[in-house]
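In what follows, a single structure is set out as C-alpha cells and then discussed.
The values are calculated or read from the model by the stated rules, or taken from the named source; none is laboratory data. All values derive from a computational prediction rather than experimental measurement. Please note: Cβ atoms are built from the backbone with ideal geometry, for glycine as well, and neighbour counts cover all protein chains shown. Accessible surface is based on the protein model in full, side chains and every heavy atom, while ligands, DNA and RNA are left aside. Shrake-Rupley method; radii C 1.70, N 1.55, O 1.52, S 1.80 Å.
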Amino acid sequence: MEKDTRNGLMFVIAASVGYSLFPIFTKTIYNISDMGEIDLTIWRFAFAIPLMWVGTYVWMRVTKPPKLEKPLPRLKLALTGIFAVAAALAGFFGLRYVDVGIYIVLFFTYPVMTAVINTFLGEPLSRRGWLALALTMTGVVLTVINPQMFSGDSTILIRPLGIWIAMANALVVALFMILNGRIQKGYPTTARASAWTMTGALFVTVPLAAVQGVDVPATPTLWLLVIAMAAFATVLPYFGLVMGNKLLGANRTSILGTMEPVLAILLAALFFNERMTLLQVVGGALIIASIFVLEARIPRRDASKVPQTSTAN
C-alpha cells in the first residue's frame, strides 16, 4: 500500500471513530437537557475552532512539514466551513425526528451522492469502486438495522421530516467533500487546510448568535459533554476527513468513511456491553470487504497490458 494511501486510510479511520461518537453525544445531551439545536451548534463550534487551531499548531510542530510554495486559498477553504455548520444543524435536527439507526442508513447515502455528482463532473468511479460502493451500502443497512422495525410493537421513531433532513445532511456532506477536495488540488497535504475550513463556521454561527442569542449550558455535565463533542466528535473527525479527502479523493474517502457504523457498534459493545447481532456481523464484514475491494492492487506481470482505468478513484 502506498504511503499516501496508508496515511489517508488512517485519517479516514480517525474521522470515522470521531463521527461515530456524534449520535451518542447528541442523544445524551437531549436526554438530560432542553438545549436547542442552534444553541448546541453554536457552542459546538465555539469550542471546536480554537481546539482545531491548537491541534494544528501541535501537529505542525511535531511533523514539521515543508513550507508551502504558494499560500493556501484561505477564503475558499473557509467558505466550505458553511457546509460543516449545515451538516451539524441537520444532524441535531434530524436526530430529534428519527432514531439513530434509521438516520445512519439515510445519512450514509452520501457516498452514492458523491460518486454520482463526481461522475457528472467528469470523475467517474471505476467498476471496482462501484462494487465497493454496493458492498458498503448493503453493509451499512445490515449493520444498523433493528429487528424491531419489522415487529408489530415497534417503537422505532420514523417521521418524514427526519428522513428529509437526513437526506439533506448526506447531500451537504457530499458537496463539502467534492468542493473541499477540488479547492485543495495543487496544494500539498496540510493541517492548516482543516483549520481554515472549520474557521469558516464563524460565517454562520456568529450571525446566528447575534440574531437569536445563545443559551448557556446549565450544568457542569453539559459543559463537559459539549466540550467533549467539540474535541472528539468535531475536531478529530473534521481533521481526519479533510486530510483523508486530500490524500484519497472524495469518492474513496466517502466509501471508506462508511466504517463509522461498524465502529459505532464496536464502541457500544465495548463500553455498554451491547451484543452484536448476526446481521450486524455480516454487515460489518461487507463494509470491511468493500475496503479490500477498493484498495486492492491488481498483480502486474506486464504493466503495459493492464488498463490504467482499473484503479479505483
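Values as computed for the structure displayed
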item: Unit charges on C-beta of K, R, D, E only; dipole of the stretch 1-43, Debye; result: 240 debye
item: Point-to-point label distance, residue 203-residue 224, nm (Cα→Cβ direction, 7 Å offset); result: 3.7 nm
item: Taking N as its residue count, the alpha carbon Rg of the stretch 38-126 over 2.2 N^0.38 Å; result: 1.45
item: Paramagnetic label zone (point 7 Å from Cα along Cα-to-C-beta, residue 62; backbone N under 18 Å) in the stretch 218-241; result: 231-241
item: For the stretch 1-153, radius of gyration divided by Kirkwood radius, i.e. Rg to Rh on alpha-carbons; result: 1.00
item: Accessible surface of the stretch 18-121, 1.4 Å probe, proportion on carbon and sulfur as whole %; result: 69 percent
item: Sorted peptide list for 253-263, 213-223, criterion being average Cβ within 10 angstrom, highest first; result: 253-263, 213-223
